[in-house]
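Undergrad: The structure is given below, and queries will be raised subsequently.
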Amino acid sequence: MRRELTVTTSASYDDCLATLEDDAVASRLAAQDPTLWGEDAESEASVRLSWISLPTSSRPLLAEVDALRAQLWSEGVDQVVLCGMGGSSLAPEVISATYDVPLTILDSTNPSVVRRATSGDLSRTVVVVSSKSGGTLETDSQRRAFAAAFETAGIDAASRFVVITDPGSDLEALATEQGYRKVFLADPHVGGRYSALTAFGLVPTGLAGVDIAELLDEAEAVTARLSRDTMDNPALVLAAALATNEGRDKAAIVDVGAGVIGFADWAEQLIAESTGKLGTGVLPVAVEGPSAPEVRQPAFDVVVAALIATEDAGKQPEGVGDPWVAVSGTLGAQFLTWETATAVMGRVLGINPFDQPDVESAKKATRGLLDTQPRDDPAQITENGIQARGSDGLLGGVDTLAGAVAALLARLGDASYLAVMAYLDSERDVSLRGVRESLARRTGRPTTFGWGPRFLHSTGQYHKGGPAQGVFLQITSSEPTDMEVPGRPFTFQSLITAQAAGDATVLAELNLPVLRLHLTDPVAGVARLLEMLR
């Protein structure tokens with residue numbers, strides 16, 4: 001029996017819902033009406049709405065993916081690695097984890113991470129190279145590393161590459177020229193963060209063994225409900241709960257028994273990139289569980305978005321503070337519901353939910369630093385192998401690491417949030433995630449945690465385009481062994497260093513406080529950081 005999609009709230013949003021109903025927002029969105037977000041957004045929206053029909057338009061992929069998977073598995077190639085960033089990796093991560101199907105996702109430029117990914121059993125490995133633009137710097141660098149690894153192993157690299165990209169991209173041209181195993185051309189009228197049910201979400205997970213037809217069935221089952229101009233439309237209710245709680249512009253997203261693994265990280269990108277612009281937006285805060293302080297005792301500017309089990313629909317999620325919105329349903333249904341709600345939030349907030357005007361700034365700064373590769377500024381504080389550098393005026397009169405952290409946290413105002421940005425090895429240094437909850441308790445303010453450079457394709461847009469409320473703790477490291485990027489004049493260490501420095505530069509230019517802690521020995525440094533930050 002298919003689980004019913006439900007959205008329940010702790011408060012009523014009748015005024016907002018009545019307006020959405022009167023304006024026929026749901027039915028107009030279902031009809032792909034690009035005028036919903038105003039004249040300035042119409043041009044962009046007119047080429048970004050095909051995600052609405054994906055439950056049916058993605059069906060032809062099923063046979064193609066099944067045939068390729070059978071072919072690969074018959075050759076003993078049954079391990080799938082996905083090289084992709086942002087929308088190209090977050091949905092596959094949720095799908096594979098929720099279905100408990102092995103899928104290695106490479107969405108880092110940390111040399112230790114890349115080396116581990118390219119050191120697996122290549123005789124059984126197929127690499128999915130996923131980039132909508134076809135020019136994503138991180139993904140191209142990862143592809144180059146795998147091509148070299150296959151060559152060293154005596155394996156024909158072209159036979160092991162599967163590409164997902166938009167028609168006409170440089171990546172499509174390269175794949176055709178090199179004779180790659182398969183090229184899947186995605187719908188160019190779907191933005192990256194709305195692409196869960198396109199080739200970007202379905203191909204890598206389908207090759208890994210997920211029943212991707214089920215995801216489309218689940219999404220199709222709720223399509224009619226999401227198109228209705230009624231005040232109980234679940235997507236409209238979710239949008240109203242997240243965007244119209246007066247003064248509450250932050251949403252703590254938590255799994256309370258739903259078992260949809262990693263969903264908060266996917267929703268984080270969807271909401272942050274879609275709404276964080278023009279000085280407004282809703283900041284998504286992906287938290288570990290119901291014990292998080294943002295969930296148990298939400299601050300005055302936080303609403304809790306809880307993912308719940310179907311049997312708990314209609315009840316207040318256990319341990320969750322007010323106000324809250326609770327969502328239950330299958331994974332495919334949730335994808336489409338949250339995408340629809342986010343598009344509606346754009347209308348409620350008066351912004352274009354389909355562009356990302358501030359993402360390019362960090363990319364541009366990174367490219368400049370890669371070209372010049374300047375020397376790092378001298379550390380302002382060095383203590384036990386950890387170097388501290390702060391944005392202008394942050395560390396005046398401070399001479400200890402503890403003092404540096406205290407100086408940063410002192411910049412938190414009543415409506416601020418703290419962002420921890422770790423350009424480290426997400427597997428080796430996974431314990432560092434624990435500082436998110438510790439710092440949230442210590443400061444009483446919503447705290448986000450992101451692995452760099454992955455978060456640059458997610459919350460990075462909100463940091464620069466949303467409300468100027470952010471306070472930023474950046475953590476970088478010198479990895480014990482660097483790794484060349486084949487055919488490029490830089491290494492993975494210099495790439496990730498430039499990405500961190502570029503992002504910090506842009507934030508500082510916006511007069512946002514940034515503290516960078518650099519670990520000369522990442523293993524020992526993480527242990528020291530954990531002790532200090534907790």
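Undergrad: In the set GLY319, GLY314, GLY329, which member is in contact with a Leu (Cβ under 7 Å, 6 or more places away or on another chain) and at positive phi?
TA: Every option except GLY329 fails the conditions.
Undergrad: Here's a follow-up. Got at least one residue in segment 65-73 being in the same structural domain as ALA241 (by TED's automatic domain parsing), farther than 23 Å from VAL327 by Cα and among the basic types (Lys, Arg)?
TA: no
Conditions (1) aliphatic (A, V, I, L, M); (2) more than 26 Å from the chain's Cα centre (by Cα), marked per residue:
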{"residue": "SER10", "(1), (2)": "no, yes"}
{"residue": "THR35", "(1), (2)": "no, yes"}
{"residue": "ARG48", "(1), (2)": "no, no"}
{"residue": "ARG59", "(1), (2)": "no, no"}
{"residue": "VAL80", "(1), (2)": "yes, no"}
{"residue": "CYS83", "(1), (2)": "no, no"}
{"residue": "GLY87", "(1), (2)": "no, no"}
{"residue": "PRO102", "(1), (2)": "no, no"}
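Undergrad: Going by the conditions given, is LEU61 crowded, with 20+ Cβ neighbours inside 10 Å and part of a helix (DSSP H, G or I)?
TA: Spelling it out, LEU61 is indeed crowded, with 20+ Cβ neighbours inside 10 Å and part of a helix (DSSP H, G or I).
Undergrad: Considering each residue of segment 503-534, count those that are closer than 19 Å to LYS364 by Cβ, touching a residue at least 60 places away in the same chain (Cβ under 8 Å) and of a type outside the set (A, V, I, L, M, F, W, C), and give that number.
TA: Residues that pass the stated criteria total 2.
Undergrad: Here is a further query. Name the strands (runs of 3 or more DSSP E) wholly within segment 316-427 that hold at least 3 residues that are in contact (Cβ under 8 Å) with a residue 24 or more places away in the chain and closer than 30 Å to LEU36 by Cβ?
TA: The strands (runs of 3 or more DSSP E) meeting that bar are 324-328.
Undergrad: For segment 32-49, which positions are among the hydrophobic types (A, V, I, L, M, F, W, C), assigned to a loop (DSSP other than H, G, I, E, B) and either free of Cβ contacts under 8 Å to residues at least 24 places away in the same chain or farther than 17 Å from LEU226 by Cβ (or both)?
TA: Listed by number, the list holds a single entry, VAL47.
Undergrad: Can you tell me which residue in segment 459-480 is nearest to LEU395 (Cα to Cα), limited to those that are β-branched (Val, Ile, Thr) and over 16 Å from the mean Cα position of the chain (by Cα)?
TA: Per the stated criteria, the residue is VAL471.
Undergrad: Taking segment 123-139 only, how many residues are surrounded by fewer than 15 Cβ atoms within 10 Å (Cβ to Cβ) and touching a Lys or Arg at 6+ places or on another chain (Cβ under 8 Å)?
TA: Result for segment 123-139: 0.
Undergrad: Also, quick follow-up: Give segment 428-443 a look and list any residue that's in a helix (DSSP H, G or I), touching a residue at least 40 places away in the same chain (Cβ under 8 Å) and under 20 Å from the mean Cα position of the chain (by Cα), or say none.
TA: Passing the criteria: SER431, LEU432, ARG433, GLY434, VAL435, ARG436, GLU437.
Undergrad: Do we find a residue being assigned to a helix (DSSP H, G or I) and either in the same structural domain as ALA365 (by TED's automatic domain parsing) or closer than 20 Å to ASP301 by Cα (or both) anywhere in segment 509-519?
TA: Yes, segment 509-519 contains a residue that is assigned to a helix (DSSP H, G or I) and either in the same structural domain as ALA365 (by TED's automatic domain parsing) or closer than 20 Å to ASP301 by Cα (or both).
Undergrad: Output the residue which, of all residues in segment 372-384 that are in contact with a helix residue (DSSP H, G or I) (Cβ under 7 Å, 6 or more places away or on another chain) and at pLDDT 95 or above, is farthest from ALA508 (Cα to Cα).
TA: Filtering segment 372-384 for residues that are in contact with a helix residue (DSSP H, G or I) (Cβ under 7 Å, 6 or more places away or on another chain) and at pLDDT 95 or above, the one farthest from ALA508 (Cα to Cα) comes out as GLU383.
Undergrad: Further, regarding this structure: Give segment 170-199 a look and list any residue that's more than 27 Å from the chain's Cα centre (by Cα) and closer than 18 Å to VAL80 by Cβ, or say none.
TA: TYR180, ARG181
Undergrad: Are any residues in segment 140-189 surrounded by 14 or more Cβ atoms within 10 Å (Cβ to Cβ), out of contact with any Gly (no Cβ under 9 Å at 6 or more places or on another chain) and among the β-branched types (Val, Ile, Thr), and if so, which ones?
TA: Once the filter is applied, which keeps residues that are surrounded by 14 or more Cβ atoms within 10 Å (Cβ to Cβ), out of contact with any Gly (no Cβ under 9 Å at 6 or more places or on another chain) and among the β-branched types (Val, Ile, Thr), segment 140-189 yields ILE155, VAL162, VAL183.
Undergrad: Hey, which of the helices (runs of 4 or more DSSP H) in segment 68-165, taking only ones fully inside, have at least 3 residues that are over 22 Å from THR497 (Cβ atoms) and of a type in the set (A, V, I, L, M, F, W, C)?
TA: Hits in segment 68-165: 90-98, 137-152.
Undergrad: Grab the strands (runs of 3 or more DSSP E) fully contained in segment 176-293, keeping just those with 3 or more residues being within 27 Å of ALA11 (Cβ to Cβ).
TA: 250-256, 283-286
Undergrad: With the structure loaded, tell me whether PRO92 is in contact with a Ser or Thr (Cβ under 6 Å, 6 or more places away or on another chain) and not assigned by TED's automatic domain parsing to the domain that holds ALA243 or whether it fails that test.
TA: yes
Undergrad: Tally up the residues in segment 444-501 that are within 30 Å of PRO293 (Cβ to Cβ) and assigned to a loop (DSSP other than H, G, I, E, B), please.
TA: Of the residues in segment 444-501, 11 are within 30 Å of PRO293 (Cβ to Cβ) and assigned to a loop (DSSP other than H, G, I, E, B).
Undergrad: Quick check: anything in segment 415-430 in the same structural domain as GLU509 (by TED's automatic domain parsing), over 16 Å from ARG528 (Cβ atoms) and touching a His at 6+ places or on another chain (Cβ under 7 Å)?
TA: Taking every residue of segment 415-430 in turn, at least one turns out to be in the same structural domain as GLU509 (by TED's automatic domain parsing), over 16 Å from ARG528 (Cβ atoms) and touching a His at 6+ places or on another chain (Cβ under 7 Å).
The values are calculated or read from the model by the stated rules, or taken from the named source; none is laboratory data. None of the values given here were measured: they were computed from a predicted structure. Here the Cβ is made from the backbone with ideal geometry for all residues, glycine too, and neighbour counts use every protein chain on show.
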